[in-house]
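K.L.:
Here it is: the structure, laid out below.
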Amino acid sequence: MKKPHIGFVGLGAMGLPMLVNILKHHNAGGAGGQVQSTSSGGGNAGGGGNAHVTAFDSSDVAQKKVHATCQGLGLDVRNFTFASSLNQVVRTSDVVITMLPSPESCKAVYDEMLNNEDVKTSLFIDCSTNDPNTARQIADKVNQAKLAPTSNAILEASNPVYVDAPVSGGVTAAAAGTLTFMLGADSEIAAKAAKPVLSTMGSRVITVGNTVGAGCAAKLCNNLVLAVSMAGVSEALALGERLGLRADELSDVINASSGRCWSSDTYNPAPGVQRDANSGELAGVPSNLAYDGGFALRLMLKDIRLANEVAEDGSLPMAHVAEKLYEHTASIVGENKDFSSVFDVVYGGAGVKE
């Protein structure tokens with residue numbers, strides 16, 4: 001069976017490294033497919049019109065970042081191209097992956113892609129974090145579209161199919177290709193078709209529920225845990241400092257005890273604590289980088305607000321408290337700082353200074 005041409009839309013902090021991992025896989029001749037990616041500005045990233053990977057992003061800067069990253073990694077990009085429009089993506093790609101910042105942007109992008117009489121794309125995989133209702137609304141629109149006669153129809157259906165597959169692991173896992181995908185699909189056939197593509201960007205694909213929107217539901221629940229646990233770890237470390245404990249020593253205790261969690265052992269919010277397990281050098285987590293990079297406060301706030309909205313009845317007291325904590329943090333340091341900056345802003349933590 002011919003490998004699918006893959007399109008990628010959305011080359012932000014998460015989308016760019018995800019795309020790079022697809023290109024790495026393609027360079028290695030893997031089974032995940034040949035990828036097409038489109039980005040504004042058009043042009044070819046290195047090789048003729050027979051592109052296997054096409055990408056699109058509304059920012060011209062994204063195209064330059066992809067070129068620089070691929071060049072730095074020595075990737076062969078002769079079969080990779082940037083599209084000049086979203087329409088070009090769906091006219092050339094068998095599978096399209098989207099990684100977008102908000103439900104509103106997702107709706108707008110899908111409206112534009114589907115406003116096209118020549119849709120070749122059989123499978124749309126949305127890795128964005130949305131609420132379940134938004135995922136189902138987009139799925140309905142996708143299902144109502146008609147495939148062009150020239151489509152490869154990889155799912156053997158006359159209509160394109162949509163699945164939601166939000167991710168966990170953050171920018172670090174996106175770069176390492178170790179993301180976890182939470183896959184929601186209306187059919188086993190669609191889920192089976194999506195898994196090998198997702199596997200080029202991650203280490204685990206977990207099918208949840210048996211319907212579109214289930215992936216987004218799982219992601220909101222996971223990120224609620226993340227928001228609360230980061231605040232809890234920050235509060236405990238700050239208390240420890242006030243009681244005369246070093247943040248690194250207290251973190252060692254927590255990580256060897258029942259309080260251990262991702263926010264303490266992998267993404268510690270206290271500066272000078274998180275170290276590379278192999279080299280012992282400071283790890284490249286945001287707390288060691290003045291809280292730059294990572295998972296922006298605006299994105300964490302989006303996810304918490306979505307969780308509070310879908311609960312409807314205000315029955316998530318911890319989520320409401322977390323929302324206020326991160327809103328306050330964003331008001332002080334700006335919404336683009338990493339969410340672990342709550343340790344510094346709300347709790348006044350110091351961390352470890354050499």
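The values are calculated or read from the model by the stated rules, or taken from the named source; none is laboratory data. All of these numbers come straight from a predicted model, not from anything done at the bench. Cβ placement follows ideal geometry from the backbone for every residue including glycine, while neighbour counts extend to all protein chains displayed. Quick note on the areas: whole protein, heavy atoms, side chains included, nothing else; ligands and nucleic acids left out. Shrake-Rupley method; radii C 1.70, N 1.55, O 1.52, S 1.80 Å.
K.L.:
Looking for something at pLDDT below 95 and in a loop (DSSP other than H, G, I, E, B) - is there at least one such residue anywhere in the stretch 171-184?
P.N.:
Checking the stretch 171-184: not a single residue is at pLDDT below 95 and in a loop (DSSP other than H, G, I, E, B).
A quick yes/no check of all residues on (1) charged (D, E, K, R); (2) open to solvent by 60 Å² or more (accessible area, probe 1.4 Å); (3) closer than 18 Å to Ser102 by Cβ; (4) touching a strand residue (DSSP E or B) at 6+ places or on another chain (Cβ under 6 Å):
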position: Ser151; (1), (2), (3), (4): no, no, no, no
position: Val161; (1), (2), (3), (4): no, no, no, yes
position: Ala175; (1), (2), (3), (4): no, no, no, no
position: Thr178; (1), (2), (3), (4): no, yes, no, yes
position: Ala191; (1), (2), (3), (4): no, no, no, yes
position: Thr200; (1), (2), (3), (4): no, no, no, no
position: Thr207; (1), (2), (3), (4): no, yes, no, yes
position: Gly215; (1), (2), (3), (4): no, no, yes, yes
position: Cys221; (1), (2), (3), (4): no, yes, no, no
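K.L.:
Output the residue which, of all residues in the stretch 64-97 that are under 28 Å from Asp111 (Cα atoms) and free of Cβ contacts under 8 Å to residues at least 40 places away in the same chain, is surrounded by the most Cβ atoms within 10 Å (Cβ to Cβ).
P.N.:
Out of the qualifying residues, it is Asn87.
K.L.:
Out of (1) open to solvent by 20 Å² or more (accessible area, probe 1.4 Å); (2) touching a residue at least 12 places away in the same chain (Cβ under 8 Å), what's the single condition that is false for Gly244?
P.N.:
(2) is the only condition that Gly244 fails.
K.L.:
Against the definition (open to solvent by 10 Å² or more (accessible area, probe 1.4 Å) and of a type outside the set (Lys, Arg)), how does Thr134 come out, yes or no? It would help to see each step written out before you state the result.
P.N.:
On the way: open to solvent by 10 Å² or more (accessible area, probe 1.4 Å): no; of a type outside the set (Lys, Arg): yes.
Here the answer is no, as Thr134 does not meet what is asked.
K.L.:
Only one of (1) within 24 Å of Ser168 (Cβ to Cβ); (2) polar (S, T, N, Q); (3) touching a Leu at 6+ places or on another chain (Cβ under 9 Å) fails for Gln137. Which number is that?
P.N.:
The failed condition is (3).
K.L.:
Residue check: is Asn336 closer than 13 Å to Asn223 by Cβ and either of a type in the set (S, T, N, Q) or more than 21 Å from the chain's Cα centre (by Cα) (or both)? Before you say what the answer is, go through the steps one by one.
P.N.:
On the way: closer than 13 Å to Asn223 by Cβ: no; either of a type in the set (S, T, N, Q) or more than 21 Å from the chain's Cα centre (by Cα) (or both): yes.
No: the conditions fail for Asn336.
K.L.:
Would you mind stating whether Ala157 is within 16 Å of the chain's Cα centre (by Cα), not in a strand (DSSP E or B) and not assigned by the TED database to the domain that holds Gly284?
P.N.:
On the way: within 16 Å of the chain's Cα centre (by Cα): no; not in a strand (DSSP E or B): yes; not assigned by the TED database to the domain that holds Gly284: yes.
The answer is no for Ala157.
K.L.:
All but one of (1) within 29 Å of Thr134 (Cα to Cα); (2) under 21 Å from the mean Cα position of the chain (by Cα); (3) at pLDDT below 95 hold for Gly284; state the number of the condition that does not hold.
P.N.:
Going through the list (1) within 29 Å of Thr134 (Cα to Cα); (2) under 21 Å from the mean Cα position of the chain (by Cα); (3) at pLDDT below 95, Gly284 breaks only (1).
K.L.:
Within the stretch 201-233, work out how many residues are modelled with pLDDT under 95 and not small (Gly, Ala, Ser).
P.N.:
Residues in the stretch 201-233 being modelled with pLDDT under 95 and not small (Gly, Ala, Ser): 1 in total.
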